[in-house]
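The next block holds one structure in the form of structure tokens; read it before the comments.
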Amino acid sequence: MADKTVTSRGGNVVSVLVNAAMMWGINIWPGWQVVPFLTPDMDRVLGIINASLTAGIVANLVFVVIRNRGIMALVNLVVLGIGLAATFRLWEVFPFDFGDSWPGWPVVVRVLLGLGIVGSIIGMVVEIVALVRSLAGFGERARQ
């Protein structure tokens with residue numbers, strides 16, 4: 001069981017590094033402007049995307065130190081909520097222009113955003129159940 005905890009904490013550290021690298025890449029170098037299919041409307045969603053990445057960094061730093069399932073569920077709910085808001089904002093603004101390439105790209109991106117929305121909602125339900133179980137004093141079920 002100790003190996004699982006070490007791996008989980010290691011995974012949290014990797015997540016911090018990946019999110020930080022994404023923030024650096026999007027905001028500093030090379031910047032989102034070099035991505036050919038992103039439009040200037042990306043500025044309208046950048047704030048919530050940065051908030052989502054920052055929330056992921058903070059959450060994973062907390063998870064390195066705190067392993068309480070109830071606290072983890074609560075923090076995950078916040079991260080999922082911010083991510084869901086970012087995904088809805090991307091859907092609303094749709095800062096993508098695929099030019100003369102395959103005309104199906106906008107549909108593919110909308111489907112992927114929709115899957116992200118559904119996945120976030122399912123994740124929130126799972127974390128609500130985990131939070132309630134933790135508050136009720138139920139331990140984690142043994143995994144088989």
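Structure data summary
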read-out	value
Qualifying residue in the range 34-56 (condition: open to solvent by less than 60 Å² (accessible area, probe 1.4 Å), without any contact (Cβ under 8 Å) to a residue 24 or more places away in the chain and in contact with a helix residue (DSSP H, G or I) (Cβ under 6 Å, 6 or more places away or on another chain))	no
Filtered residues of the range 65-76 (kept if of a type outside the set (S, T, N, Q) and in contact with a Gly (Cβ under 9 Å, 6 or more places away or on another chain))	Arg69
Qualifying residue in the range 64-76 (condition: open to solvent by 60 Å² or more (accessible area, probe 1.4 Å), over 19 Å from Arg9 (Cα atoms) and over 14 Å from the mean Cα position of the chain (by Cα))	no
Hey, Val108 buried (at least 16 other Cβ atoms within 10 Å of the Cβ) and either over 19 Å from Val45 (Cα atoms) or in contact with a helix residue (DSSP H, G or I) (Cβ under 6 Å, 6 or more places away or on another chain) (or both) or not	no
Of all residues making up the range 77-95, the number that are open to solvent by less than 40 Å² (accessible area, probe 1.4 Å) and touching a residue at least 40 places away in the same chain (Cβ under 8 Å)	8
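For (1) in contact with a Ser or Thr (Cβ under 8 Å, 6 or more places away or on another chain); (2) at pLDDT 95 or above; (3) polar (S, T, N, Q), each residue gets a yes or a no:
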site: Ser52; (1), (2), (3): no, yes, yes
site: Val79; (1), (2), (3): yes, yes, no
site: Gly83; (1), (2), (3): yes, yes, no
site: Arg89; (1), (2), (3): no, yes, no
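The values are calculated or read from the model by the stated rules, or taken from the named source; none is laboratory data. Just so it is clear, the structure is predicted and the values come from calculations on it, not from any experiment. Using ideal geometry, Cβ is built from the backbone for each residue, glycine included, and neighbour counts are taken over all protein chains shown. What goes into the accessible areas is simple: the full protein's heavy atoms, side chains included, and nothing from ligands, DNA or RNA. Shrake-Rupley method; radii C 1.70, N 1.55, O 1.52, S 1.80 Å.
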